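**Q** Following this message is one structure expressed as structure tokens.
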Amino acid sequence: MAAAINSIFLKIKPKIKIKICNPLSVCARSSSRCNASPSILHLFSITTLTYADADSDCSSETNATADANPNFIHPSADVHPNAITGHGVSIGPYCTIGSSVKLGNGCRLYPGSHIFGNTEIGDHCLLMPGAVVGDHLPGRTVLGRNNVIGHHAVIGIKCQDLKYKPGDECFLHIGDNNEIREHTSIHRSSKSSDKTVIGDNNLIMGSCHIAHDCKIGNNNIFANSTLLAGHVVVEDYTHTAGAIVVHQFCHIGSFSFVGGGSVVSQDVPKYTMVAGERAELRGLNLEGLRRHEFTVTEIKSLRTAYRNIFMPVDSNSTSFEERITKVEEDKELGKIPVVCNMIQSLRDSFAQNRRGICKYRYFSGS
């Protein structure tokens, strides 16, 4: 008897269907979004959930696109009708997408993440919960592809420079494949004639700060609480330990290492290692050079050049400039490209408006 009744109910039970118009038309939240102009709506598809369906008023062509690149926008998300969003986008609960935002294909926004202002985000970027990208300021924030923005990170907001004048355009440009971890802050430039720039393949760990007008290269690793003041330049393949502070306008050379807890107030030359409460040169970054497959000949030549410049037998007999010139004119060392690069890095640090290099200790020869 019970089996017969269940059979009758199964035959007459209606299917429950729900339509989700993505990414602009969130019918359950606001009927006005379903009236967006065709020029915007044609960029997106209708997503049909596997456990729910709907009476569809969309064309078969649109449904075919949705099957290939489905979008999902949670009904509680606030997506402005003028925002431009690519295919395969997922926007979670309580997210915000501003009117001038451009969001690339395959991006994923976790709950409570927000994108404001004139901001462009490339394909396959990931915003973790609480992340904020962009600001309602003149100017622009641009992120490349495959970037990860960590929990509660704040990217592309107004700088903390008192010289900034409200209304001035300010810019931030971030490249591809960067991982920016939790509670990190990266600010836009302080003036329209400059920009904050971060390259590709950088790992920026938790609670780091990159201030206005900084220029960061590629393949760098910043450990937790690395703090860069304004106008700092970091080249490629550098590595900082935790809790370091870099003074404004300093330059950090390629393949260098900054020890934990250091205060860097002058330039760090290429290939070197600095450490200390007031960072001092402590030799070459030998481990970093080996890891990046510098040859035995290159490392040996760099060590010889470093000793001749920074560890003279009698520091009173020759000046710093004379020691650099002697290495440059050496028949063997002067022909090694990495040695020439290190010497050029030293000379650049003493150019106009530069801060010179970190202090170094004299050693008596042995």
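The values are calculated or read from the model by the stated rules, or taken from the named source; none is laboratory data. For clarity, every value in this text was computed on a predicted model and none was experimentally measured. So basically every Cβ, Gly included, is an ideal-geometry build from the backbone, and we count neighbours across all protein chains shown. For accessibility, only protein heavy atoms count, side chains too; no ligands or nucleic acids. Shrake-Rupley method; radii C 1.70, N 1.55, O 1.52, S 1.80 Å.
**Q** Using a 1.4 angstrom probe on the protein heavy atoms only, could you order Val313, Val327 from most to least accessible area?
**A** On the way: Val313 125, Val327 5 Å².
Largest to smallest exposure gives the sequence Val313, Val327.
**Q** Also: I need the GluC sites (Glu not before Pro) found in the range 217-287, filtered to DSSP loop residues with at most 13 other beta carbons within 10 Å of theirs. Intermediate values should be presented prior to the final figure.
**A** Numbers: sites: Glu235, Glu277, Glu280, Glu287; in loops: Glu235, Glu277.
Sparse-neighbourhood loop GluC sites (Glu not before Pro): Glu277.
**Q** Another one. Just how much of His239 is accessible, in Å², when a 1.4 Å probe is used and the result is rounded to the nearest 10?
**A** Solvent-accessible area, nearest 10 Å²: 60 Å².
**Q** I'd like the accessible area for Thr85: 1.4 Å probe, protein heavy atoms, all chains in place, Å² to the nearest 10.
**A** Near enough 0 Å² of accessible area.
**Q** Right, another one. Using a probe of 1.4 angstrom, how much of the accessible area of the range 291-349 is carbon and sulfur, in percent?
**A** 48 percent
**Q** Hey, can you grab everything whose amide H is under 5 Å from the amide H of Cys214? Only 5+ residues off in sequence or another chain; H modelled, so Pro and N-termini drop out.
**A** Here Val197, His231, Val232 satisfy the definition.
**Q** Just to confirm my numbers, what's the Cα centroid distance between the range 162-233 and the range 327-352 in Å?
**A** What the calculation gives is 29 Å, centre to centre.
**Q** Which ³J(HN,Hα) values in Hz, rounded to whole numbers, follow from the phi angles of the range 160-168 under the Karplus curve 6.51 cos²θ - 1.76 cosθ + 1.60, where θ = phi - 60° and Gly and Pro get x?
**A** 9, 9, 5, 6, 5, 10, x, x, 5
**Q** Using modelled amide H (1.01 Å from N, peptide plane; none on Pro or chain starts), what sits under 5 Å from the amide H of Cys170, excluding residues fewer than 5 places away?
**A** Counting only residues 5 or more places away or on other chains, the set is Gly139, Arg140.
**Q** Using a 7 Å offset from the Cα along the Cα-to-Cβ direction at both His136 and Tyr94, what is the distance between the two label points in nm, to one decimal?
**A** Inter-label distance under the simple model: 2.0 nm.
**Q** Follow-up. So with the 1.4 Å probe, I'd like the accessible area per residue for the range 291-349, rounded to whole Å².
**A** Value for the range 291-349: 63 Å² per residue.
**Q** Using θ = phi - 60° and the Karplus curve 6.51 cos²θ - 1.76 cosθ + 1.60, what whole-Hz ³J(HN,Hα) does each residue of the range 133-146 get, with Gly and Pro shown as x?
**A** Once rounded to whole Hz, the list reads 10, x, 8, 7, 10, x, x, 7, 10, 10, 10, x, 8, 6.
**Q** Sequence-distant or interchain residues sharing an amide H contact under 5 Å with Lys359, placed H: which?
**A** Leu281
**Q** A 21 angstrom limit on the alpha carbon distance is what I want to check against. Which of Lys215/Lys335; Lys102/Lys165; Lys270/Lys300; Lys191/Lys359 exceed it?
**A** Lys215/Lys335; Lys102/Lys165; Lys191/Lys359
**Q** Also: How much of Ser192 can a 1.4 Å solvent probe reach, expressed as accessible area in Å² and rounded to 10?
**A** Answer for Ser192: close to 70 Å² accessible.
**Q** Next question, about the same structure. How far apart, in nm, are two points set 7 Å out from the Cα along the Cα-to-Cβ line at Glu280 and at Leu162?
**A** 3.4 nm
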